[in-house]
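Student: Take a look at the following structure, please.
The values are calculated or read from the model by the stated rules, or taken from the named source; none is laboratory data. None of these values were measured; they are calculated from a predicted model. A quick note on method: Cβ atoms are made from the backbone with ideal geometry, for glycine too, and the neighbour counts reach across all protein chains shown.
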Amino acid sequence: MTLYRKIQAVERVFKGLEKDVAAFKHVTRLECLVGCGKCCNKPDISASPLEFLPFAYHLYKRGLALEYLDRIKDHPNSNCIVLSPLLIPDKPGFCSEYPYRGLICRLFGFSAALNKYGNPELVTCKSIKETYPDAVEKANSHIMEGKDTPIMRHYYFKLQSIDGDLCSKLMPINKAIEEALKIVLSYYAYRRPRSA
């Protein structure tokens, strides 16, 4: 599979996930707190290079890939490089590249993980639990009743089927972005990017 086809496949997974999360949020009434961003404000978020290939390709097409590589080299152990310190007007939060965020960014707060017994449990933050206890209770009931719920593992399996090696390499989020950028830059060093 060509790199461009991998990028398209990842984008299809994300598009399906967006629909699933929107439906889950609609039914449960779960939502993020306006102006929060605490979940993103951590340097230890893990991700894979595969989930950031669409972002890397987006930066490459805009001529910003090398600039972002330099930014990562200057701040290797910091919070995600696309996290804005201020709330961005007309954006859903603090992410300056929200449409290109990774899988964990899309899943956290509005999905379930399987516990050691194989049962799904809501994965959300303390702030949502404390602010919207009724919605959290509704989400937990929804999950326990076996209704449609985004399950983290299922989406990681979908990515795994696109490229098992790139998906299984979990690393700090900036390192994952850096690896994705290097993959895109090396692939297109002697090729022209597709017009998309």
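Student: So the check is Cβ under 9 Å with 6+ separation or different chains; which pairs have a first residue in region 133-150 that's within 14 Å of Val21 (Cα to Cα) and a second one that's exposed (fewer than 13 other Cβ atoms within 10 Å of the Cβ) and not charged (D, E, K, R)?
Tutor: Ile143/Asn119; Lys147/Ser141
Student: Looking only at region 125-153, how many residues end up being crowded, with 17+ Cβ neighbours inside 10 Å and either among the acidic types (Asp, Glu) or in a helix (DSSP H, G or I) (or both)? I'd like the intermediate steps shown before the answer.
Tutor: Quick first cut of region 125-153, residues crowded, with 17+ Cβ neighbours inside 10 Å only: 128, 132, 135-136, 139, 142-143, 149-152.
Subset that is either among the acidic types (Asp, Glu) or in a helix (DSSP H, G or I) (or both): 128, 135-136, 139, 142-143, 152.
Going through region 125-153 one residue at a time, the tally reaches 7.
Student: Among the residues of region 1-45, count how many are assigned to a helix (DSSP H, G or I) and β-branched (Val, Ile, Thr).
Tutor: Pass one, region 1-45, residues assigned to a helix (DSSP H, G or I): 3-28, 38-40.
Cutting the leftovers down to β-branched (Val, Ile, Thr) gives us 7, 10, 13, 21, 27-28.
Matching residues across region 1-45 total 6.
Student: Ok, one more. Going by the conditions given, is Lys158 surrounded by fewer than 18 Cβ atoms within 10 Å (Cβ to Cβ) and part of a helix (DSSP H, G or I)?
Tutor: Working: surrounded by fewer than 18 Cβ atoms within 10 Å (Cβ to Cβ): no; part of a helix (DSSP H, G or I): yes.
Against the criterion (surrounded by fewer than 18 Cβ atoms within 10 Å (Cβ to Cβ) and part of a helix (DSSP H, G or I)), Lys158 does not qualify.
Student: Kindly indicate which of Ala9, Ala47, Ala56 is surrounded by 14 or more Cβ atoms within 10 Å (Cβ to Cβ), in contact with a Leu (Cβ under 6 Å, 6 or more places away or on another chain), among the aliphatic types (A, V, I, L, M) and under 25 Å from Leu170 (Cα atoms). Talk me through it step by step, then tell me what you get.
Tutor: Values: Ala9 fails: in contact with a Leu (Cβ under 6 Å, 6 or more places away or on another chain); Ala47 fails: in contact with a Leu (Cβ under 6 Å, 6 or more places away or on another chain).
Unique residue meeting the criteria: Ala56.
Student: Then there's this: Can you pull out every residue in region 62-89 that is modelled with pLDDT of 85 or more, more than 16 Å from Phe52 (Cβ to Cβ) and assigned to a loop (DSSP other than H, G, I, E, B)?
Tutor: Residue satisfying the conditions is Gly63 alone.
Student: Can I ask one more? Give me the pairs: first residue in region 66-77 and free of Cβ contacts under 8 Å to residues at least 40 places away in the same chain, second residue in a loop (DSSP other than H, G, I, E, B), beta-carbon distance under 8 Å, and six or more apart or on different chains, which are they?
Tutor: Short answer, once both residue conditions are applied: Arg71/Ile81.
Student: Would region 37-56 turn up any residue that is without any contact (Cβ under 8 Å) to a residue 60 or more places away in the chain, touching an Asp or Glu at 6+ places or on another chain (Cβ under 9 Å) and not charged (D, E, K, R)?
Tutor: Yes, some residue in region 37-56 is without any contact (Cβ under 8 Å) to a residue 60 or more places away in the chain, touching an Asp or Glu at 6+ places or on another chain (Cβ under 9 Å) and not charged (D, E, K, R).
Student: Related question: Just to check your reading of the model, which residue among Val34, Val27 is of a type in the set (Val, Ile, Thr), exposed (fewer than 13 other Cβ atoms within 10 Å of the Cβ) and out of contact with any Phe, Trp or Tyr (no Cβ under 6 Å at 6 or more places or on another chain)? Show your work before the answer.
Tutor: On the way: Val27 fails: exposed (fewer than 13 other Cβ atoms within 10 Å of the Cβ).
Every option except Val34 fails the conditions.
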